[in-house]
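Undergrad: Pasting a structure below so you can have a look.
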Amino acid sequence: MNDKTQDLAPNDKSAYFVRPSVSISQETVKTLVVAGVDPQVARIDLEAPKLVLAVNESWSSERLLVGELEYKRFLTLHLWNRHLPFPLVPTVLIDGMWHAHILDTRAYVADTTKLFGSYLHHFPYLGFLDPDSIRLKQEAFLKFCTLYEWTFGESYLRSAVSLHERV
């Protein structure tokens, strides 16, 4: 840092990195567990990433509730099915919540390491390279939908309609 930039720097750089003081409620955890989410996954605190989605992406409260449920079901499927011969392909809604979680880097690393023993990587390129890749992504998504239905007892499309029917 030179003399010019020294004047711009705050005395305490950590002031820029204060996480919002919101946290997941026990009622939300219970609701998620009743909806089939693994208890360990249900306790992951996504309140700060949800706040970012609400403010920066204009997600409605309904979209945030359903997005959290579906993302946590996605993580539950990862946790309960670690050795699948195909990738779990997220929907746009799940992917949006996943990206918000990943951008909360410290929390994401801690959360996924606690759940899986290591960082859960995101591979966004399946389906973009060529027709075979597109076909593989479609097949993997259909397998994901089948696994979802077997696990949670409802079709993925049905589950995305409304969280309020379960609370």
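Undergrad: Which pairs do you get when a residue that is within 23 Å of LEU103 (Cβ to Cβ) and modelled with pLDDT under 95, found in region 19-35, comes within reach of a residue that is in a helix (DSSP H, G or I) and among the charged types (D, E, K, R), reach meaning Cβ atoms under 7 angstrom, with the pair 6+ apart or on two chains?
TA: VAL22/GLU47; SER23/GLU47; ILE24/GLU47
Undergrad: Next up: Are there any pairs with C-beta distances below 8 angstrom linking a residue in region 43-65 that is under 16 Å from ILE24 (Cα atoms) to a residue that is acidic (Asp, Glu) and modelled with pLDDT of 95 or more, with the two at least 6 apart or on different chains, and if so which?
TA: ILE44/ASP111; LEU46/GLU68; LYS50/GLU68
Undergrad: Taking region 106-146 as the search range and keeping residues that are assigned to a loop (DSSP other than H, G, I, E, B), hydrophobic (A, V, I, L, M, F, W, C) and in contact (Cβ under 8 Å) with a residue 12 or more places away in the chain, which one is farthest from GLN40 (Cα to Cα)?
TA: LEU126
Undergrad: Working only within region 90-104, note down all residues that are in a helix (DSSP H, G or I) and either of a type in the set (A, V, I, L, M, F, W, C) or more than 8 Å from the chain's Cα centre (by Cα) (or both).
TA: VAL92, LEU93, ILE94, MET97, TRP98, ALA100, ILE102, LEU103
Undergrad: Here are some residues: HIS121, HIS99, HIS164, HIS83. Which one is at pLDDT 95 or above and not hydrophobic (A, V, I, L, M, F, W, C)?
TA: After ruling out the rest, the residue left standing is HIS99.
Undergrad: Separate question: Is there a residue in region 79-90 that is closer than 30 Å to TYR125 by Cβ and crowded, with 18+ Cβ neighbours inside 10 Å?
TA: Yes.
Undergrad: Related question: Can we say LEU79 is of a type outside the set (Gly, Ala, Ser), touching a residue at least 24 places away in the same chain (Cβ under 8 Å) and in contact with a Leu (Cβ under 8 Å, 6 or more places away or on another chain)?
TA: yes
Undergrad: Turning to a different aspect of this structure: Scan region 86-105 for residues that are farther than 19 Å from ALA42 by Cα and aromatic (Phe, Trp, Tyr) and jot them down.
TA: PHE86
The values are calculated or read from the model by the stated rules, or taken from the named source; none is laboratory data. All values derive from a computational prediction rather than experimental measurement. Using ideal geometry, Cβ is built from the backbone for each residue, glycine included, and neighbour counts are taken over all protein chains shown.
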